[in-house]
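The values are calculated or read from the model by the stated rules, or taken from the named source; none is laboratory data. If you're wondering where the values come from, they're calculated on a predicted model, not measured in any experiment. Please note: Cβ atoms are built from the backbone with ideal geometry, for glycine as well, and neighbour counts cover all protein chains shown. Just the protein is used for accessible areas: all its heavy atoms, side chains included, with ligands, DNA and RNA removed. Shrake-Rupley method; radii C 1.70, N 1.55, O 1.52, S 1.80 Å.
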Amino acid sequence: DEYENCTIKNRPSSSSSTRKPLWAPSYPNTLDDSILKNLISTITGLSTGVKSYYAQRKGLRKCQSSDVTVLCHVVHPIVTTNPLDLTSMFDSQVIYIIRNPTTVFPVHLNYKAIKYHHHPSKTQVAVDSWRKDRDLYFADGLQGWKDQIKEWKVSMKEVYNISMFIPFEHLVDATKGPELLKRLTKLLEDFGFPIVVADDDMPCVWYKALGKEILEQIDSHGYEYSDYMPGYTQEHKDLLMKELSSMVEEYKDDDKELLLILQEYMDQVQSDISLDQPYKDV
């Protein structure tokens, strides 16, 4: 409520140079596209500053258009995009949007149920449906989450460099979120994109872009839905701890920022995960 009636005082746009778009990879449904678009358009003053590589409309496809694109959202390699073949069209710097697999996976499954199976929007699938899909697909989903990070962090490191991670958990936090946006804004300005907001207004930018509804929901329930928190079996928890521990070992000497995020996710899995029965035992 502190920022409900806040106003953003636009400053004169900082000087900008012609700049190629930055890739913004994430696991599917890590962050709602509308939130990312609101954030970047408010910070840069560019109404089409964020595009999806997969957009079908002419003038938006592959994030190539006559207007300036700041971030090009992509889910490669989950949907193959071949960034190595597109180096002439994109900048070498990457903004990676990340979320704990324990919450991004059920959000993604729920999105697919709404889009492809006529599930009512803004509602969560029945808990038995979640359990069934979790037991069928979670191991593969976790592997895809890991492989995506490795693709951008390791496989393409000769061409692309992750300049910054945006953890969903930090973005929706009232203290960490505005500070994260200050850092993102400074980075974009250093890269030559226009900036039209001052740091002092970043809490208001954060509140307006994410919106009262989602911020209150996450603050009170830690998740997008209220009816139940998706749980995992002990086997899933053990797998998560094993895979995250392996990633910590792999990146511990290479990327302090990613290391801290992975350690945070391990802590969340260890202390906060809701234990559940396998689907067949329910």
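Within the set Lys132/Lys157; Lys51/Lys153; Lys20/Lys150; Lys115/Lys153; Lys58/Lys157, which residue pairs have Cα atoms separated by over 26 Å?
Values: Lys132/Lys157 37 Å; Lys51/Lys153 22 Å; Lys20/Lys150 24 Å; Lys115/Lys153 30 Å; Lys58/Lys157 31 Å.
Lys132/Lys157; Lys115/Lys153; Lys58/Lys157, as the Cα separations exceed 26 Å there.
Based solely on C-alpha atoms, express the radius of gyration and the Dmax of the stretch 17-166 in angstrom.
Over the stretch 17-166's Cα set, Rg and Dmax evaluate to 16.3, 53 Å.
Can you quote the Å³ per residue value for the convex hull of the Cα atoms in the stretch 1-102, rounded to an integer?
In the stretch 1-102, the Cα convex hull volume per residue is 139 Å³.
Mind listing the long-range amide H neighbours of Ile195? Cut-off is under 5 Å, sequence gap 5 or more, other chains count too, H placed in the peptide plane at 1.01 Å from N.
Residues meeting the criterion, in which the H sits 1.01 Å from N, are Ser14.
For the stretch 85-225, just say rounded, prolate or oblate: build the C-alpha gyration tensor, square-root its eigenvalues into a ≥ b ≥ c, call rounded for a/c under 1.5, and beyond that prolate if a/b exceeds b/c, oblate if not.
Values: a/c = 2.39, a/b = 1.27, b/c = 1.88.
Oblate is the answer for the stretch 85-225, as a/c is 1.5 or above yet b/c matches or exceeds a/b.
Calculate the spin-label point distance for His118 paired with Lys150, positioning each point 7 Å from the Cα along the beta-carbon direction, and give it in nanometres.
About 4.0 nm separates the two model spin labels.
Just from its helices, what would the mean residue ellipticity at 222 nm be for the chain, if runs of 4 or more DSSP H residues each count -39500 (n - 2.57) and the sum is divided by every residue, rounded to the nearest 500 deg cm²/dmol? Please list the in-between numbers first.
On the way: 9 runs with 125 residues, N = 282.
When only DSSP H runs of four or more count, the value is -14500 deg cm²/dmol.
In the chain, what percent of the accessible surface is made up of carbon and sulfur (1.4 Å probe, ligands and nucleic acids excluded)? Let's see the in-between values first.
Details: 6790 of 14180 Å².
Within the chain, the accessible surface is 48 percent carbon and sulfur.
Take each uninterrupted DSSP H stretch in the chain, measure its Cα extent along the helix axis, and return the ones at 15 Å or beyond whose mean Kyte-Doolittle hydropathy is at least 0.5. Walk me through the intermediate numbers first.
Details: long enough: 33-44 (16 Å, 0.60); 101-116 (22 Å, -0.02); 127-150 (32 Å, -1.21); 176-190 (21 Å, -0.69); 234-251 (26 Å, -0.86); 256-272 (23 Å, -0.28).
Passing helices, by number: 33-44.
Heavy-atom accessible area per residue, the stretch 146-282, 1.4 Å probe: how many Å²? Working shown, then result.
Working: 6750 Å² over 137 residues.
Accessible area per residue, the stretch 146-282: 49 Å².
Using a Gaussian network model of the chain whose springs link C-alpha atoms within less than 10 Å, name the residue from Glu257, Glu169, Glu189 with the highest mean-square fluctuation.
Highest fluctuation among the options: Glu257.
If I build a Gaussian network model for the chain, linking alpha-carbon pairs within less than 10 angstrom, which residue out of Ile97, Ile214, Ile149 has the largest mean-square fluctuation?
Ile214
Roughly how many Å is it from the Cα centre of the stretch 256-275 to that of the stretch 32-50, as a whole number?
Cα centres, the stretch 256-275 to the stretch 32-50: 29 Å.
Could you check the spin-label model distance between Gln263 and Asp85? Points 7 Å from the Cα along Cα→Cβ, value in nm.
That separation, rounded to one decimal, is 4.1 nm.
In the full protein assembly as shown, how much of Thr18 is accessible to a 1.4 Å probe, in Å² to the nearest 10?
Rounded to the nearest 10, the figure is 150 Å².
Suppose all protein chains stay in the model; what accessible area per residue would a 1.4 Å probe give for the stretch 14-124, in Å²? Before the final figure, lay out each step's value.
Details: 5150 Å² over 111 residues.
For the stretch 14-124, the solvent-accessible area averages 46 Å² per residue.
According to the Cα gyration tensor, what semi-axes, each the square root of 5 times an eigenvalue, does the equivalent ellipsoid of the stretch 1-53 have, listed from largest to smallest in whole Å?
Value: 22, 20, 7 Å, ordered largest first.
Note the per residue figure in Å³ for the convex hull of the C-alpha positions in the stretch 211-266.
On the way: hull volume 4.9 nm³, N = 56.
About 87 Å³ per residue, rounded to a whole number.
Quick one: among Val68, Val154, Val197, which has the greatest mean-square fluctuation in a GNM of the chain with alpha-carbon springs under 10 angstrom?
For the chain, modelled as a Gaussian network with Cα springs under 10 Å, the answer is Val154.
Just the C-alpha atoms of the stretch 147-198: what Rg/Rh do they give, with Rh taken as the Kirkwood radius?
Values: Rg = 13.5 Å, Rh = 12.7 Å.
Expressed as Rg/Rh, it is 1.06.
Could you tell me how many cubic angstrom of Cα convex hull volume the stretch 142-282 has per residue?
Values: hull volume 19.0 nm³, N = 141.
It comes to 135 Å³ per residue, whole-number rounded.
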